[in-house]
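Visitor: Next up is a structure, given as structure tokens.
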Amino acid sequence: MTVRAKLTSSFLFMTLLILVLFATEQFISSKQNSLVQQMVTEHEISAQLVGLSSAANQIKLYENEYLALVDNPTMREIYGGQFNDTACEITQVLARLKRMYAQSGKTTSLNVLAVWETSSLFYINGFNEVHNKVMAGKISGSTRAASAIAEFNKGFKAVDNGTSAAIVEQYKIAATKADKITAFQRDASSIFLAVGAVCLALAMLISYWVPASVTKPIHYLTKLAHRISKGKVDEEIVIGGSAEYKDLGKSMQRLQITTDGLMQRIKSANAKTTQPKAKAA
């Protein structure tokens with residue numbers, strides 16, 4: 001592998017480690033946000049159930065006040081109007097709950113809600129039917145009016161009683177979601193630290209290995225060049241490393257051979273020069 005390829009590979013590997021850390025952080029963040037959103041939804045459902053329970057109690061109070069003052073036209077109209085205002089509020093809360101249950105995939109709760117909607121609609125329409133008969137003079141007196149409305153509000157008791165149980169259950173679900181978030185945060189911290197530690201260890205290994213693989217052959221060849229410059233040409237040259245270093249090593253081998261040849265010729269020439277002087281003496 002060439003030096004350039006090593007550097008490119010190390011850069012790509014470091015980039016990959018950064019992407020792994022980023023992807024891990026994004027996954028943890030996305031999962032945590034999803035859990036938090038689920039818990040928020042559960043609390044919103046709880047708030048709507050509390051509102052429904054309050055409205056159910058309030059509408060029963062308006063019914064009782066209406067029946068107590070049914071022979072008083074002015075008060076009858078006031079409480080009849082308040083009854084219908086609260087009925088609209090109940091209808092809106094049920095619609096919001098239906099949307100929330102559908103988004104959360106709560107099939108069982110949707111089935112219960114459908115019963116509540118039917119019971120509420122039956123009760124509200126029944127009250128208005130009795131109210132119209134009172135206005136037309138067909139029904140008079142609190143006792144007869146109460147008896148007529150009683151036929152319609154039997155099913156509505158399921159709404160009044162069911163919301164209380166649903167609120168308790170909903171708070172339990174929200175508490176469970178909160179525990180899941182706490183547990184996930186603890187596990188996510190451990191996972192992120194583990195992934196970070198592995199990435200750091202690999203990054204340190206690459207940071208050591210790549211420079212070492214580049215500088216070690218340079219140090220070796222530099223030392224060899226110094227030896228050759230001093231005339232020490234007897235050391236065997238080990239050719240290894242990347243393609244560039246192998247080429248440089250072969251060049252050093254040729255330089256060593258050439259230098260050795262020159263040194264031998266110089267020695268031979270010096271020997272020939274000293275021999276005639278010795279004979280002349």
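Derivation of every value follows stated rules applied to the coordinates shown; laboratory data play no part. Being a predicted model, the structure only gives us computed values, none of them experimental. All Cβ positions, even for glycine, are placed from backbone atoms using ideal geometry, and neighbour counts span all protein chains on display.
Visitor: In whole Hz, what ³J(HN,Hα) sequence does the stretch 54-61 give by Karplus (6.51, -1.76, 1.60; θ = phi - 60°), x for Gly and Pro?
Guide: Coupling constants for the stretch 54-61: 5, 5, 5, 5, 5, 5, 5, 5 Hz.
Visitor: Give me a comma-separated list of calculated 3J(HN,Hα) values for the stretch 25-41, in order, Karplus coefficients 6.51, -1.76, 1.60 applied at θ = phi - 60°, integers in Hz, x for any Gly or Pro.
Guide: Per residue, the Karplus-derived 3J(HN,Hα) values read 5, 5, 5, 4, 5, 5, 5, 5, 4, 5, 5, 5, 5, 4, 5, 4, 4 Hz.
Visitor: How far apart, in nanometres, would the label points at L16 and S190 be if each is projected 7 angstrom from Cα along the Cα-to-Cβ direction?
Guide: The modelled label-to-label distance comes out at 2.8 nm.
Visitor: I would also like to ask the following. Can you tell me the length gained on complete extension of the stretch A165 to N270, counting 0.36 nm per residue apart and subtracting the Cα distance? Spell out each step's value before the answer.
Guide: Values: separation 105, 0.36 × 105 = 37.80 nm, distance 11.46 nm.
Fully extending the segment from A165 to N270 adds 26.3 nm.
Visitor: Tell me the label only: which of [x] 17.6; [y] 13.7; [z] 23.7 is mean projected area of the Cα convex hull in nm² as calculated from this structure?
Guide: Answer label, from the structure shown: [z].
Visitor: According to a simple spin-label model (label point 7 Å from Cα along Cα-to-Cβ), what is the distance in nm between D260 and N33?
Guide: With each label point 7 Å from Cα toward Cβ, the separation is 7.0 nm.
Visitor: In whole Å, what is the distance between the alpha-carbon centres of the stretch 113-155 and the stretch 67-105?
Guide: 13
Visitor: Once R0 is set to 41 Å, what does the formula 1/(1 + (r/R0)^6) return for the Cβ-Cβ distance between T107 and T8, expressed as a FRET efficiency to the nearest 0.05?
Guide: In this case the efficiency is close to 0.15.
Visitor: Taking the Cβ-Cβ separation of N72 and E129 as r and a Förster radius of 25 Å, what is the calculated FRET efficiency to the nearest 0.05?
Guide: So the FRET efficiency works out to roughly 0.80.
Visitor: For I139, what residues show an amide H to amide H distance below 5 Å, using hydrogens built from the backbone and excluding near sequence neighbours?
Guide: Counting only residues 5 or more places away or on other chains, the set is V134.
Visitor: For the stretch 172-186, take each phi angle, set θ = phi - 60°, evaluate the Karplus expression 6.51 cos²θ - 1.76 cosθ + 1.60, and give the result in whole Hz per residue in order, putting x for glycine and proline.
Guide: After applying 6.51 cos²θ - 1.76 cosθ + 1.60, I find 5, 5, 4, 5, 5, 4, 5, 5, 5, 5, 4, 5, 5, 4, 5 Hz.
Visitor: Helix 243-280: angle to the longest alpha-carbon principal axis of the chain, degrees 0 to 90, nearest 10?
Guide: Here the helix axis deviates by roughly 10 degrees.
Visitor: Using only the alpha-carbon atoms, how far is helix 73-104 inclined from the longest principal axis of the chain? Give it as 0 to 90 degrees, nearest 10.
Guide: Tilt of helix 73-104: around 30 degrees.
Visitor: Does anyone have the angle between helix 107-135 and the longest principal axis of the chain? Alpha-carbon axes, 0 to 90°, nearest 10?
Guide: That works out to roughly 30 degrees.
Visitor: Just rank W209, W116, fewest to most, by other beta-carbon atoms within 10 angstrom. Before the final figure, lay out each step's value.
Guide: On the way: W209 12, W116 24.
Lowest count first: W209, W116.
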